[in-house]
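Peer 1: Submitted below is the structure of interest, expressed as structure tokens.
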Amino acid sequence: RRVHGERPVFASCSSSVYVMFEGVLEKILVEYFGDYLKGLDKEHLHIAVWKGDVLLENLEVKKEAFDELQLPITCIYGHLGRLHVQVPWSRLSSSPVVITLDGLYVLLGPKEHSLWDEEQIRLQARVMKKKQLEMAETQWETKKPEQSEADAEQKKKDSFTSRLVTKIVDNVHVIIKNIHFRYEDTRDPRRPFAFGVTLEELSAHTTDSKWNKQFVDREALKTVFTHKLLSLSSLSVYWNSLNGRELGSSELSFAQRTKAMGDMIQRRNGPNIQLDFLIKPVIGSCRLIHKNEKRDLTAPLLSLEMNLQELAVVVQQSQFQDAMRLNDFFSTYFIFKKIALERKRKYRIFRPSATVTRDPRAWWHYAFRCIQRDTREAQGWKWWRREVWERLKEQDEYILLYKRS
């Protein structure tokens, strides 16, 4: 990893604006990239952002980066060629921050049945639930009304800084290029396959209402709308038979795998490697209008207008068969996951509140009831019929005893 930069100039922006935007930028980079990339920590980013030009090169994608998906997949290889953030500190109020993501290659594979772990699944579920709670709390905090006059006064003091930060965020220029995600499945040696998504370039610019690229100040224009123009170049989805060309093979070096992943990306001006496409390379543009005032119901919050040169979808019989086999594999995992999550949940009603040492008798009773429940579920209808028959016999005996008495 390399970090380059230059010292910022504060001629046209106050130190409070710098500190606030620095915090926003660090938060975005750490929260959105820190969980997925190795070597991206707040300490190094603080130094890089302070210099005004962040250039991170040759970062490795974390093996656990895709755990949030809760799918039976594992990351075999992941590499990010370049993450570049250009912050024009001397012209923050008139020039956009440019974020460039270049050369992201990820190779995935199936997680074998022997590696499926019930405890790991439950742990991932708890982590996801914790993240959802944190997001809900953050949204609730942002919606809380001002509690005091001091808070209102502080809000007025920060209004200039907040407006400038909003202007900066509105005009961020994003460039994403040379992206390749690939999944290889060799569980069946007779029919190994691979499918993937490639992207040559996707860029997003802020424009005026006439779709001309421009640095926009919504407050000066007295508008609640932000216009973005997205340009798409060669987005494709392929599904190929492997035939001994596995990129996940241990025989390939890191450099060879990186080159092979890059060579498979379809270029607008070629030449390109021949692939069996599900979706042939798509070229087009998208006009996006985002409304920043949620209380105004006269217009939608998000409006999209897409213009594609061509959208061609092709499905071959072999691709469909491979997709069905992959669907069976995922379905088996989802059943396993459901059982893993419910295995402890269904016994929770029997679990005693006291510790084992304090009330061992209750814990023996707990073990008995858990086994009894599993036995009844396994026997199903047979157990229910036998139980009903036993109750009927007891009822008959009770009636006879009652008559004798």
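The values are calculated or read from the model by the stated rules, or taken from the named source; none is laboratory data. Everything numeric in this text was worked out from a predicted model, so none of it was measured. Heads up, the Cβs are rebuilt from the backbone with ideal geometry, glycines too, and the neighbour counts pull from every protein chain shown. Keep in mind that these areas ignore ligands, DNA and RNA; they rest on the heavy atoms of the full protein, side chains included. Shrake-Rupley method; radii C 1.70, N 1.55, O 1.52, S 1.80 Å.
Peer 1: Dividing the Cα radius of gyration by the Kirkwood radius, what Rg/Rh value follows for region 181-246?
Peer 2: Numbers: Rg = 21.2 Å, Rh = 15.4 Å.
Expressed as Rg/Rh, it is 1.37.
Peer 1: Mind running the shape call on region 269-360? Use the C-alpha gyration tensor, a ≥ b ≥ c as the square roots of the eigenvalues: rounded below 1.5 for a/c, prolate if a/b tops b/c, oblate otherwise.
Peer 2: Working: a/c = 4.34, a/b = 1.59, b/c = 2.74.
Because a/c hits 1.5 or more and a/b fails to exceed b/c, region 269-360 counts as oblate.
Peer 1: Same structure, new question: Report the one residue of I371, F330, L288 whose Cα lies farthest in the direction of the positive end of the charge dipole of region 258-405 (charges on C-beta: Lys and Arg +1, Asp and Glu -1; origin at the Cα centre).
Peer 2: I371
Peer 1: Quick one: which of K167/K291; K62/K337; K63/K177 span more than 20 angstrom between C-alpha atoms? Each step should come with its number before you reach the end.
Peer 2: Numbers: K167/K291 14 Å; K62/K337 23 Å; K63/K177 22 Å.
Exceeds cut-off: K62/K337; K63/K177.
Peer 1: Let me ask you something else. Return the loop-located trypsin sites (Lys or Arg not before Pro) in region 232-290 (DSSP other than H, G, I, E, B) with at most 16 other Cβ atoms within 10 Å of their own Cβ; answer none if there are none. Provide the component values of the computation, followed by the final result.
Peer 2: Values: sites: R245, R257, K259, R267, R268, R287; in loops: R245, R267, R268.
Taking region 232-290 and a limit of 16 other Cβ atoms within 10 Å, the loop trypsin sites (Lys or Arg not before Pro) found are R245, R267, R268.
Peer 1: With a 1.4 Å probe and every protein chain left in place, work out the accessible area per residue of region 244-297 in Å², rounded to a whole number.
Peer 2: Numbers: 3520 Å² over 54 residues.
Per-residue value: 65 Å².
Peer 1: Report P(r) for region 213-266: all Cα-Cα distances, bin width 10 Å, range 0 to the bin holding the largest distance, values in whole percent.
Peer 2: P(r) for region 213-266, in whole percents per bin: 16, 29, 15, 14, 17, 8, 0.
Peer 1: Let me ask another. Can you pull the percent of region 175-258's accessible area that's carbon plus sulfur, 1.4 Å probe, other chains left in place? If you can, show how the numbers build up before the last one.
Peer 2: Details: 2340 of 4340 Å².
Reported share for carbon and sulfur atoms: 54 percent.
Peer 1: Determine the share of region 264-405's accessible area contributed by carbon and sulfur atoms, expressed in whole percent, with a 1.4 angstrom probe. Walk me through the numbers before you get to the answer.
Peer 2: Values: 6500 of 11560 Å².
Carbon plus sulfur share of accessible area: 56 percent.
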